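Participant: Starting off with a structure, shown below.
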Amino acid sequence: SLKKSEAFGLIAKLNEKKALIAKEKQDKKTELVSLLGSIDKPLKRLAKAVESDRINLPSNIRETMIEMRRNPLHLLKKDPKGESVKVLLQELKNVIKSGAVELKDREKIKRLAALDELLAFNFFSNVFWKLNELDSGLQQVEKELHENKAAGELTQLESNAKTADKAIQEAGFSLETLKGQLEKEHEELASIRQSIEVMLQEIYPATIVLK
């Protein structure tokens, strides 16, 4: 039916919208990982230097470094503006410039440029806010999908009920037709019996009744 096709058409559009939002969310995560990947090598060297006690870091910066290497997205959920991340980045920049974390000249220039880019990066609007916005969009689509799937199931049940009702009506009509045919045959049979009785009575005057 038209109602049923409209319901399923809307569900298909919502699923398409959901897939697009999910892809955008994944792209945003990939973009962040790629951005942070540009300082991964010097960050690893800093971590090794801290582990071997060649470089001393305050405990809060050390914890940020560990969390950033393990799960940067989780870190930014706890620190939406990326303030603790920027403290760590500034510390990394300082140790690279001082030579405490050694890099070749060309690589040093490249990593310092990447650090400057990250220090200027707006983590709140470009990561936290954007991901929250995408999550809200996904939740809304999920809600609409749930509502429309329920409506689609109701439409399907209504359609099934109409089909069943029609089948019952057709069956009822068939039974009525069959009943009529049987009654007609009974009448015809009774008429034939009566004709035979009349004929036999003419031949044999004694009363004859067919049973």
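The values are calculated or read from the model by the stated rules, or taken from the named source; none is laboratory data. Everything quoted here is computed from the prediction, not taken from an experiment. Ideal geometry is used to build each Cβ from the backbone, glycine not excepted, and the neighbour counts take in all protein chains shown. For accessibility, only protein heavy atoms count, side chains too; no ligands or nucleic acids. Shrake-Rupley method; radii C 1.70, N 1.55, O 1.52, S 1.80 Å.
Participant: Val87 passes all but one of (1) assigned to a helix (DSSP H, G or I); (2) over 41 Å from the mean Cα position of the chain (by Cα); which number fails?
Facilitator: All conditions are met except number (2).
Participant: Could you give every pair whose Cβ atoms fall below 7 Å, whose first residue belongs to segment 68-90 and is touching a residue at least 12 places away in the same chain (Cβ under 8 Å), and whose second residue is outside any helix (DSSP H, G or I), counting only separations of at least 6 or pairs across chains?
Facilitator: If the second residue must be outside any helix (DSSP H, G or I), the pairs left are Leu76/Gly82; Val85/Asp79.
Participant: Now for a separate question. Can you report the number of residues in segment 30-82 which are within 30 Å of the chain's Cα centre (by Cα), within 18 Å of Ala120 (Cα to Cα) and acidic (Asp, Glu)?
Facilitator: Qualifying residue count for the region: 2.
Participant: What about Glu83, is it out of contact with any helix residue (DSSP H, G or I) (no Cβ under 9 Å at 6 or more places or on another chain), under 30 Å from Ile21 (Cα atoms) and open to solvent by 70 Å² or more (accessible area, probe 1.4 Å)?
Facilitator: no
Participant: Now, a different point. Find the residue count for segment 121-158, including only residues that are more than 18 Å from Asn15 (Cβ to Cβ) and modelled with pLDDT under 65.
Facilitator: Qualifying residue count, segment 121-158: 3.
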